[in-house]
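Beneath this line is the structure, given in structure tokens, with notes to follow.
Every number here is computed from the coordinates shown, using simple stated rules; none is lab data. None of the values given here were measured: they were computed from a predicted structure. Here the Cβ positions follow ideal geometry from the backbone for every residue, glycine too, while neighbour counts run over all protein chains shown.
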């Protein structure tokens, strides 16, 4: 009989008003080939107000009382950073996985990650995301180049690792002692908390293992995850936390343009998708951020994607009216469902 206190992996899943979508995510963890007896699932309910999220959590806990450990916060944190930090301090296994509450893992994902981190004795091991309804694209690199490697070994390695899976924390297994000993925590005041956490890992890790062409995590895309949730509040929050990201990158003696281009692209996407009145309020903040990036990190504001670079160059030339006009055109295109489907089809997976 397995000692349920000796889990191989602790999974940390913050949730808020996820309702029945939570069921699919929990089931993908229960059905892992490594065996659910070996898994501790910590679900942090961030003060949900719907009628089903808490009910579903308690239902699963009643079925698996030794494996599923719910934490019910009394006050909503607004962002997943705080729930993740709380659960991290309560996890009992040696290895940690962070999972979003509407995504799923492939059946053998945990076994692959666990075998990798124990074999190579890495601080972190990771696979790849794959998006629903999109073709998985392999990276044209040898997998062996990224096994048991220091993330800061060279520029090429850092560029690939810094943007792997969009700089997020999922699809990765972490050595808990490495995280705790280096006091690596999530930002609790907003978005980009995952990028901040992940870049801290890369900065302090001695070894990472990357199964570069191994899809293990399914990023589910739902119809209600629409463009209309983008607004000035989200944009300002992302910009604010970019200054925290800058503080990490300043200590890395490698060029940061690759990851910075990706992050600025994400901010410009939110900017483009926001209402016009919000764009007028936020555009100067984007300009100031990029000027700061130029000063601190020698950031090249000419971004690799042509359409985003055209928009960004207008901002950096302080042609704000022109930039808003361009973004409004992009917004109409992005909201066209046929174009959305074509874009998603050709984008592939990260």
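Could you work out how far helix 276-297 tilts from the main Cα principal axis of the chain, as a 0 to 90 degree angle to the nearest 10?
Once rounded, the angle reads 80 degrees.
With the contact rule set at Cα under 8 Å and sequence spacing of 6 or more, what percent relative contact order holds for the chain?
With pairs under 8 Å counted, the relative contact order is 18 percent.
Please give the length that would be gained between residue 322 and residue 292 if that part of the chain were fully extended, namely 0.36 nm times their separation in residues minus their C-alpha to C-alpha distance (nm, one decimal).
Working it through step by step, the gained length comes to 8.6 nm.
Report P(r) for the chain: all Cα-Cα distances, bin width 20 Å, range 0 to the bin holding the largest distance, values in whole percent.
29, 59, 12, 0
Quick check: pseudo-label points 7 Å beyond the Cα along Cα→Cβ at residue 281 and residue 120, how many nm apart are they?
4.5 nm
Angle between the Cα long axis of helix 337-347 and the longest principal axis of the chain, 0 to 90 degrees, nearest 10?
Helix 337-347 sits roughly 70 degrees off the main axis of the chain.
Per-residue ellipticity at 222 nm for the chain, helices alone: DSSP H runs ≥ 4 residues times -39500 (n - 2.57), over residue total, nearest 500 deg cm²/dmol? Kindly include the intermediate steps, with their values, before the conclusion.
Values: 13 runs with 161 residues, N = 350.
Here the helix-only value at 222 nm equals -14500 deg cm²/dmol.
Looking only at 12, 252, 179, which one moves most when the chain is put into a Gaussian network model with springs between Cα atoms under 10 Å?
In the Gaussian network model the winner is 252.
Using alpha carbons only, how many degrees (0 to 90, rounded to 10) separate the axis of helix 320-334 from the longest principal axis of the chain?
Approximately 50 degrees, to the nearest 10.
With a 10 Å cut-off between alpha carbons and a GNM built on the chain, which of 99, 25, 62 moves the most?
Comparing 99, 25, 62 in the GNM, the peak value goes to 62.
Just need the relative contact order of region 224-285 here, percent rounded to a whole number, with Cα pairs under 8 Å and 6+ apart.
60 percent
Just to confirm my numbers, what's the Cα centroid distance between region 165-209 and region 253-309 in Å?
The distance from the Cα centre of region 165-209 to that of region 253-309 comes to 23 Å.
Arrange the peptides 311-317, 110-116, 30-36, 242-248 so that the one whose residues have, on average, the most other Cβ atoms within 10 Å appears first.
Output ranking for 311-317, 110-116, 30-36, 242-248: 110-116, 311-317, 242-248, 30-36.
Mean-square fluctuation check for the chain, GNM, Cα pairs under 10 Å: which of 101, 20, 251 is largest?
Per the Cα network of the chain with a 10 Å cutoff, 251 tops the list.
Could you compute the FRET efficiency for residue 23 and residue 75, with r as their C-beta to C-beta distance and R0 at 30 Å, rounded to 0.05?
So, using R0 = 30 Å, E works out to roughly 0.75.
Over region 227-347, what is the mean sequence separation of C-alpha contacts under 8 Å (at least six apart), divided by residue count, expressed as relative contact order in percent?
Value for region 227-347: 28 percent.
So if we plug the beta-carbon distance of residue 329 and residue 255 into 1/(1 + (r/R0)^6) with R0 = 35 Å, what FRET efficiency do we get, rounded to 0.05?
The pair residue 329/residue 255 has a calculated efficiency of 0.65.
How would you classify region 227-347 from its alpha-carbon gyration tensor, with a ≥ b ≥ c the square roots of the eigenvalues: rounded for a/c under 1.5, else prolate if a/b is greater than b/c, otherwise oblate?
Prolate.
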